[in-house]
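Worksheet: the structure to be examined is printed underneath.
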Amino acid sequence: MIISIAFSFSMYRVLTAELDRVEQRQRVRIESGVGFPPRIFIIDRDLIEDAKNRLKLILAGVNLFILAGSAVLGYFLAGRTLKPISEMVDDQKRFIADASHEMRTPLTAMKTEIEVSLKDKKLNLKQAKQLLGSNLEEVNKMQSLSSYLLNLNQYQTGRVKLNFEKIKMSEVVEKVLFQFQKSADSRNIKIFREEEDFEMEVNEISLTELLSILLDNAIKYSHKEGKIVIRTKQEGKYGIIEIQDFGVGIKEEEIPYIFNRFYRADSSRSKSEINGYGLGLSIAKNIVELHNGKIFVNSIFGEGSTFTVKLPLKQSARIV
Ligand code: ADP
(Lines give C-alpha, C1' and ligand atoms only; values in the text may rest on other atoms or scores of the structure.)
Protein backbone atom coordinates (compact mmCIF):
# COMPACT_ATOMS: atom_id res chain seq x y z
CA MET A 1 0.00 0.00 0.00
CA ILE A 2 2.88 2.38 0.81
CA ILE A 3 4.37 1.75 -2.64
CA SER A 4 1.01 2.20 -4.33
CA ILE A 5 0.21 5.43 -2.43
CA ALA A 6 3.69 6.83 -3.09
CA PHE A 7 3.35 5.93 -6.77
CA SER A 8 -0.12 7.54 -7.01
CA PHE A 9 1.11 10.63 -5.22
CA SER A 10 4.04 11.11 -7.59
CA MET A 11 1.78 10.38 -10.57
CA TYR A 12 -0.62 13.04 -9.36
CA ARG A 13 2.24 15.53 -8.91
CA VAL A 14 3.65 14.84 -12.39
CA LEU A 15 0.29 14.98 -14.16
CA THR A 16 -0.91 18.14 -12.40
CA ALA A 17 2.47 19.79 -13.10
CA GLU A 18 2.04 18.80 -16.75
CA LEU A 19 -1.46 20.28 -16.84
CA ASP A 20 -0.17 23.51 -15.27
CA ARG A 21 2.69 23.60 -17.78
CA VAL A 22 0.25 23.20 -20.73
CA GLU A 23 -1.90 25.94 -19.29
CA GLN A 24 1.14 28.16 -18.83
CA ARG A 25 2.34 27.62 -22.41
CA GLN A 26 -1.08 28.33 -23.82
CA ARG A 27 -1.26 31.51 -21.80
CA VAL A 28 2.12 32.64 -23.17
CA ARG A 29 1.05 31.89 -26.74
CA ILE A 30 -2.24 33.69 -26.36
CA GLU A 31 -0.58 36.69 -24.76
CA SER A 32 2.08 36.85 -27.48
CA GLY A 33 -0.62 36.24 -30.08
CA VAL A 34 1.47 33.61 -31.95
CA GLY A 35 -0.76 31.73 -34.40
CA PHE A 36 -4.00 32.19 -32.41
CA PRO A 37 -6.69 34.71 -32.72
CA PRO A 38 -7.13 35.59 -28.99
CA ARG A 39 -10.96 35.54 -29.15
CA ILE A 40 -11.07 31.73 -29.76
CA PHE A 41 -8.54 30.51 -27.17
CA ILE A 42 -9.75 31.31 -23.74
CA ILE A 43 -8.09 29.18 -21.09
CA ASP A 44 -10.72 27.35 -19.09
CA ARG A 45 -9.29 27.17 -15.54
CA ASP A 46 -12.33 25.20 -14.26
CA LEU A 47 -11.71 22.50 -16.84
CA ILE A 48 -8.15 22.02 -15.59
CA GLU A 49 -9.26 21.97 -11.94
CA ASP A 50 -11.96 19.49 -12.89
CA ALA A 51 -9.34 17.24 -14.59
CA LYS A 52 -7.15 17.40 -11.45
CA ASN A 53 -10.08 16.44 -9.21
CA ARG A 54 -11.01 13.54 -11.46
CA LEU A 55 -7.41 12.39 -11.40
CA LYS A 56 -7.46 12.48 -7.60
CA LEU A 57 -10.68 10.45 -7.54
CA ILE A 58 -9.36 7.86 -10.00
CA LEU A 59 -6.10 7.42 -8.07
CA ALA A 60 -7.99 7.13 -4.75
CA GLY A 61 -10.30 4.50 -6.31
CA VAL A 62 -7.36 2.53 -7.69
CA ASN A 63 -5.70 2.61 -4.26
CA LEU A 64 -8.85 1.48 -2.50
CA PHE A 65 -9.19 -1.37 -4.99
CA ILE A 66 -5.57 -2.43 -4.39
CA LEU A 67 -6.10 -2.21 -0.62
CA ALA A 68 -9.24 -4.37 -0.71
CA GLY A 69 -7.71 -6.83 -3.20
CA SER A 70 -4.51 -7.25 -1.23
CA ALA A 71 -6.46 -7.66 2.02
CA VAL A 72 -8.56 -10.48 0.54
CA LEU A 73 -5.58 -12.13 -1.19
CA GLY A 74 -3.42 -11.73 1.93
CA TYR A 75 -6.11 -13.35 4.04
CA PHE A 76 -6.27 -16.44 1.80
CA LEU A 77 -2.53 -16.74 1.28
CA ALA A 78 -1.78 -16.32 4.99
CA GLY A 79 -4.38 -19.02 5.71
CA ARG A 80 -2.68 -21.39 3.28
CA THR A 81 0.79 -20.68 4.61
CA LEU A 82 -0.28 -21.04 8.22
CA LYS A 83 -2.29 -24.25 7.69
CA PRO A 84 0.59 -26.71 8.29
CA ILE A 85 1.74 -24.69 11.30
CA SER A 86 -1.74 -24.61 12.80
CA GLU A 87 -2.12 -28.36 12.15
CA MET A 88 1.16 -28.95 13.95
CA VAL A 89 0.06 -26.80 16.90
CA ASP A 90 -3.28 -28.68 17.06
CA ASP A 91 -1.40 -31.97 16.94
CA GLN A 92 0.87 -30.87 19.80
CA LYS A 93 -2.16 -29.74 21.83
CA ARG A 94 -3.89 -33.07 21.26
CA PHE A 95 -0.74 -34.90 22.24
CA ILE A 96 -0.33 -32.92 25.47
CA ALA A 97 -4.02 -33.41 26.32
CA ASP A 98 -3.82 -37.18 25.68
CA ALA A 99 -0.55 -37.56 27.59
CA SER A 100 -1.88 -35.59 30.58
CA HIS A 101 -5.05 -37.64 30.55
CA GLU A 102 -3.05 -40.88 30.65
CA MET A 103 -0.88 -39.50 33.47
CA ARG A 104 -3.89 -38.36 35.46
CA THR A 105 -5.56 -41.77 35.57
CA PRO A 106 -2.93 -43.53 37.76
CA LEU A 107 -2.42 -40.35 39.80
CA THR A 108 -6.14 -40.11 40.58
CA ALA A 109 -6.24 -43.79 41.55
CA MET A 110 -3.26 -43.32 43.89
CA LYS A 111 -4.69 -40.14 45.40
CA THR A 112 -8.05 -41.75 46.16
CA GLU A 113 -6.45 -44.81 47.76
CA ILE A 114 -4.15 -42.68 49.93
CA GLU A 115 -6.97 -40.35 51.00
CA VAL A 116 -9.25 -43.25 51.94
CA SER A 117 -6.45 -44.97 53.89
CA LEU A 118 -5.52 -41.77 55.74
CA LYS A 119 -9.11 -41.35 56.91
CA ASP A 120 -9.21 -44.93 58.17
CA LYS A 121 -8.23 -44.75 61.83
CA LYS A 122 -8.00 -48.53 62.13
CA LEU A 123 -5.56 -48.99 59.26
CA ASN A 124 -3.26 -51.87 60.13
CA LEU A 125 0.16 -52.87 58.79
CA LYS A 126 -1.27 -55.43 56.37
CA GLN A 127 -3.65 -52.88 54.81
CA ALA A 128 -0.86 -50.27 54.67
CA LYS A 129 1.33 -52.75 52.79
CA GLN A 130 -1.53 -53.49 50.41
CA LEU A 131 -1.90 -49.78 49.78
CA LEU A 132 1.81 -49.39 49.10
CA GLY A 133 1.71 -52.39 46.73
CA SER A 134 -1.17 -50.88 44.81
CA ASN A 135 0.56 -47.47 44.74
CA LEU A 136 3.68 -49.13 43.40
CA GLU A 137 1.65 -50.62 40.55
CA GLU A 138 0.39 -47.17 39.60
CA VAL A 139 3.91 -45.73 39.84
CA ASN A 140 5.14 -48.50 37.53
CA LYS A 141 2.41 -47.60 35.04
CA MET A 142 3.46 -43.96 35.10
CA GLN A 143 7.08 -44.94 34.71
CA SER A 144 6.31 -47.03 31.64
CA LEU A 145 4.14 -44.25 30.21
CA SER A 146 6.90 -41.68 30.66
CA SER A 147 9.46 -43.95 29.02
CA TYR A 148 7.05 -44.50 26.10
CA LEU A 149 6.64 -40.73 25.81
CA LEU A 150 10.39 -40.17 25.88
CA ASN A 151 10.90 -42.83 23.21
CA LEU A 152 8.18 -41.37 21.06
CA ASN A 153 9.75 -37.94 21.32
CA GLN A 154 13.18 -39.36 20.52
CA TYR A 155 12.01 -41.21 17.43
CA GLN A 156 9.84 -38.44 15.99
CA THR A 157 10.79 -38.47 12.33
CA GLY A 158 13.15 -35.67 11.44
CA ARG A 159 14.28 -34.99 14.99
CA VAL A 160 16.81 -37.71 15.33
CA LYS A 161 19.60 -39.03 13.15
CA LEU A 162 20.36 -42.68 13.80
CA ASN A 163 23.74 -44.31 13.47
CA PHE A 164 23.48 -47.42 11.35
CA GLU A 165 25.67 -50.48 11.66
CA LYS A 166 25.73 -53.95 10.07
CA ILE A 167 24.08 -56.55 12.27
CA LYS A 168 23.00 -60.18 11.94
CA MET A 169 19.24 -60.41 11.99
CA SER A 170 19.23 -63.67 13.94
CA GLU A 171 21.17 -62.05 16.81
CA VAL A 172 18.58 -59.31 17.28
CA VAL A 173 15.71 -61.83 17.18
CA GLU A 174 17.58 -63.96 19.73
CA LYS A 175 17.98 -61.00 22.08
CA VAL A 176 14.34 -59.97 21.86
CA LEU A 177 13.12 -63.53 22.33
CA PHE A 178 15.24 -63.86 25.45
CA GLN A 179 13.59 -60.72 26.91
CA PHE A 180 10.07 -61.95 26.29
CA GLN A 181 10.40 -65.68 26.90
CA LYS A 182 9.23 -65.39 30.51
CA SER A 183 6.12 -63.41 29.69
CA ALA A 184 5.25 -65.85 26.87
CA ASP A 185 5.83 -68.83 29.20
CA SER A 186 3.63 -67.29 31.87
CA ARG A 187 0.69 -67.58 29.44
CA ASN A 188 1.84 -70.85 27.89
CA ILE A 189 2.39 -69.21 24.54
CA LYS A 190 4.78 -70.97 22.18
CA ILE A 191 7.03 -68.91 19.93
CA PHE A 192 8.24 -70.49 16.67
CA ARG A 193 11.04 -69.18 14.50
CA GLU A 194 11.21 -69.53 10.72
CA GLU A 195 14.38 -67.70 9.89
CA GLU A 196 16.66 -66.95 7.05
CA ASP A 197 19.72 -65.25 8.43
CA PHE A 198 21.08 -62.17 6.72
CA GLU A 199 22.94 -58.98 7.52
CA MET A 200 21.31 -55.60 7.57
CA GLU A 201 22.38 -52.00 8.13
CA VAL A 202 20.28 -50.80 11.05
CA ASN A 203 20.40 -48.96 14.31
CA GLU A 204 20.55 -51.95 16.62
CA ILE A 205 18.95 -50.34 19.68
CA SER A 206 15.94 -49.08 17.77
CA LEU A 207 15.50 -52.33 15.78
CA THR A 208 15.51 -54.22 19.09
CA GLU A 209 12.91 -51.78 20.37
CA LEU A 210 10.78 -52.25 17.23
CA LEU A 211 10.78 -56.05 17.52
CA SER A 212 10.11 -55.80 21.26
CA ILE A 213 7.01 -53.68 20.64
CA LEU A 214 5.67 -56.11 18.03
CA LEU A 215 6.45 -59.23 20.05
CA ASP A 216 5.06 -57.68 23.24
CA ASN A 217 1.80 -56.93 21.39
CA ALA A 218 1.70 -60.42 19.86
CA ILE A 219 1.95 -61.91 23.37
CA LYS A 220 -0.50 -59.41 24.93
CA TYR A 221 -3.15 -59.96 22.28
CA SER A 222 -2.74 -63.76 22.02
CA HIS A 223 -5.00 -66.21 23.80
CA LYS A 224 -3.52 -68.34 26.56
CA GLU A 225 -1.69 -71.36 25.16
CA GLY A 226 -1.51 -69.63 21.82
CA LYS A 227 1.19 -69.59 19.19
CA ILE A 228 3.38 -66.89 17.68
CA VAL A 229 5.58 -67.21 14.60
CA ILE A 230 8.56 -64.97 13.88
CA ARG A 231 9.74 -65.06 10.26
CA THR A 232 12.72 -63.28 8.77
CA LYS A 233 13.77 -63.44 5.15
CA GLN A 234 15.68 -61.53 2.54
CA GLU A 235 13.82 -60.31 -0.54
CA GLY A 236 16.16 -58.62 -3.03
CA LYS A 237 17.51 -55.47 -1.43
CA TYR A 238 15.17 -55.74 1.52
CA GLY A 239 14.95 -57.59 4.79
CA ILE A 240 11.49 -58.76 5.83
CA ILE A 241 10.47 -59.40 9.43
CA GLU A 242 7.05 -60.89 10.16
CA ILE A 243 5.48 -61.45 13.54
CA GLN A 244 2.29 -63.49 13.38
CA ASP A 245 -0.08 -64.25 16.21
CA PHE A 246 -3.37 -66.15 16.38
CA GLY A 247 -4.97 -63.97 19.02
CA VAL A 248 -7.79 -61.46 19.19
CA GLY A 249 -7.12 -59.81 15.81
CA ILE A 250 -8.12 -56.29 14.83
CA LYS A 251 -11.42 -55.15 13.31
CA GLU A 252 -11.01 -54.03 9.70
CA GLU A 253 -12.32 -50.53 10.42
CA GLU A 254 -9.79 -50.05 13.22
CA ILE A 255 -6.71 -51.06 11.24
CA PRO A 256 -6.09 -47.58 9.72
CA TYR A 257 -5.88 -46.04 13.19
CA ILE A 258 -3.72 -48.45 15.17
CA PHE A 259 -0.49 -46.60 14.32
CA ASN A 260 -1.90 -43.33 15.66
CA ARG A 261 -0.65 -42.07 19.00
CA PHE A 262 -2.79 -43.14 21.97
CA TYR A 263 -5.12 -45.20 19.78
CA ARG A 264 -6.28 -48.44 21.35
CA ALA A 265 -8.68 -50.65 19.45
CA ASP A 266 -12.13 -50.68 20.90
CA SER A 267 -12.42 -54.40 21.58
CA SER A 268 -13.37 -54.72 25.23
CA ARG A 269 -10.57 -57.23 25.79
CA SER A 270 -7.80 -54.92 24.73
CA LYS A 271 -9.08 -51.93 26.69
CA SER A 272 -10.07 -53.38 30.00
CA GLU A 273 -7.81 -56.36 30.51
CA ILE A 274 -4.63 -55.58 28.66
CA ASN A 275 -2.25 -52.88 29.80
CA GLY A 276 -1.12 -50.33 27.29
CA TYR A 277 -1.29 -46.73 26.20
CA GLY A 278 -1.66 -47.01 22.46
CA LEU A 279 1.87 -45.68 21.94
CA GLY A 280 3.82 -48.81 20.98
CA LEU A 281 2.83 -49.00 17.34
CA SER A 282 3.32 -45.29 16.75
CA ILE A 283 6.88 -45.62 18.10
CA ALA A 284 7.32 -48.71 15.88
CA LYS A 285 6.18 -46.74 12.84
CA ASN A 286 8.61 -43.91 13.62
CA ILE A 287 11.49 -46.38 13.94
CA VAL A 288 10.59 -48.05 10.63
CA GLU A 289 10.40 -44.66 8.89
CA LEU A 290 13.79 -43.66 10.31
CA HIS A 291 15.14 -46.80 8.61
CA ASN A 292 13.42 -45.79 5.33
CA GLY A 293 11.20 -48.84 5.58
CA LYS A 294 7.52 -49.74 5.69
CA ILE A 295 5.29 -51.51 8.20
CA PHE A 296 2.08 -53.34 7.25
CA VAL A 297 -0.55 -55.24 9.13
CA ASN A 298 -2.82 -58.06 8.05
CA SER A 299 -5.43 -58.98 10.55
CA ILE A 300 -8.70 -60.89 10.86
CA PHE A 301 -10.79 -60.08 13.88
CA GLY A 302 -10.98 -63.11 16.12
CA GLU A 303 -8.31 -65.02 14.19
CA GLY A 304 -5.05 -63.12 14.61
CA SER A 305 -2.69 -60.56 13.15
CA THR A 306 0.52 -60.45 11.16
CA PHE A 307 2.75 -57.40 11.36
CA THR A 308 5.28 -57.17 8.51
CA VAL A 309 8.29 -54.86 8.51
CA LYS A 310 10.22 -54.25 5.29
CA LEU A 311 13.58 -52.54 5.68
CA PRO A 312 16.33 -51.84 3.15
CA LEU A 313 19.43 -53.98 3.73
CA LYS A 314 21.56 -50.91 3.06
CA GLN A 315 20.51 -47.49 4.14
CA SER A 316 20.95 -45.88 0.73
CA ALA A 317 18.14 -48.02 -0.80
CA ARG A 318 14.64 -46.61 -0.38
CA ILE A 319 11.30 -48.37 -0.54
CA VAL A 320 9.07 -47.10 -3.35
P1 ADP B 1 -1.05 -50.79 23.21
O2 ADP B 1 -0.20 -50.28 24.28
O3 ADP B 1 -2.51 -50.52 23.42
O4 ADP B 1 -0.77 -52.21 22.86
P5 ADP B 1 -0.07 -50.19 20.56
O6 ADP B 1 0.21 -48.86 19.92
O7 ADP B 1 1.05 -51.14 20.64
O8 ADP B 1 -0.69 -49.86 21.97
O9 ADP B 1 -1.25 -50.85 19.74
C10 ADP B 1 -2.39 -50.08 19.39
C11 ADP B 1 -3.61 -50.97 19.33
O12 ADP B 1 -3.50 -51.86 18.22
C13 ADP B 1 -3.77 -51.85 20.54
O14 ADP B 1 -4.49 -51.22 21.56
C15 ADP B 1 -4.53 -53.04 19.99
O16 ADP B 1 -5.90 -52.78 20.01
C17 ADP B 1 -4.08 -53.13 18.54
N18 ADP B 1 -3.04 -54.16 18.37
C19 ADP B 1 -1.71 -53.99 18.27
N20 ADP B 1 -1.07 -55.16 18.08
C21 ADP B 1 -2.03 -56.10 18.05
C22 ADP B 1 -2.02 -57.53 17.88
N23 ADP B 1 -0.90 -58.20 17.70
N24 ADP B 1 -3.23 -58.16 17.91
C25 ADP B 1 -4.36 -57.48 18.07
N26 ADP B 1 -4.45 -56.16 18.25
C27 ADP B 1 -3.30 -55.47 18.23
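The values are calculated or read from the model by the stated rules, or taken from the named source; none is laboratory data. Predicted model, so just to flag it, every value in this text is computed and none were measured. Cβ placement follows ideal geometry from the backbone for every residue including glycine, while neighbour counts extend to all protein chains displayed. Just so you know, the surface numbers come from the protein's heavy atoms only, side chains and all, with ligands and any DNA or RNA stripped out. Shrake-Rupley method; radii C 1.70, N 1.55, O 1.52, S 1.80 Å.
Computed over the Cα atoms of the chain, pair by distinct pair, the Kirkwood hydrodynamic radius stands at 26.3 angstrom.
Applying the Karplus relation 6.51 cos²θ - 1.76 cosθ + 1.60 with θ = phi - 60° to the range 54-68 yields 3J(HN,Hα) values of 4, 4, 4, 4, 4, 5, 5, x, 4, 5, 4, 4, 4, 4, 5 Hz, where x marks Gly and Pro. The dipole here belongs to the chain: it is taken about the Cα centre, uses +1 on the Cβ of Lys and Arg and -1 on the Cβ of Asp and Glu, and is about 760 debye. Counting only residues at least eight positions apart within a chain, or on another chain, the lysines with an alpha carbon under 26 Å from that of Lys83 are Lys93, Lys285.
Within the full protein context, the accessible area of Ser305 is estimated at about 10 Å² for a probe radius of 1.4 Å.
Between the helical axis of 204-220 and the dominant principal axis of the chain, each derived from Cα atoms, what acute angle in degrees is found, rounded to the nearest 10? Between the helix axis and the principal axis of the chain, the angle is about 60 degrees. Among the listed pairs Lys168/Lys233; Lys141/Lys251; Lys161/Lys314; Lys190/Lys294; Lys166/Lys294, those with a Cα-Cα distance over 22 Å are Lys141/Lys251; Lys190/Lys294. Take His101: with every protein chain present and a 1.4 Å probe, its accessible area is about 100 Å². When Glu253, Glu18 are compared by accessible area of protein heavy atoms, the largest-first order is Glu253, Glu18, using a 1.4 Å probe. Of all beta bridges that DSSP places with both ends in the chain, some 80 percent have antiparallel geometry.
Based on alpha-carbon atoms, the Kirkwood radius and the radius of gyration of the range 201-299 give Rg/Rh equal to 0.96. Fully extending the segment from Ser170 to Gln156 would add 2.3 nm, taking 0.36 nm per residue of separation and subtracting the current Cα-Cα distance.
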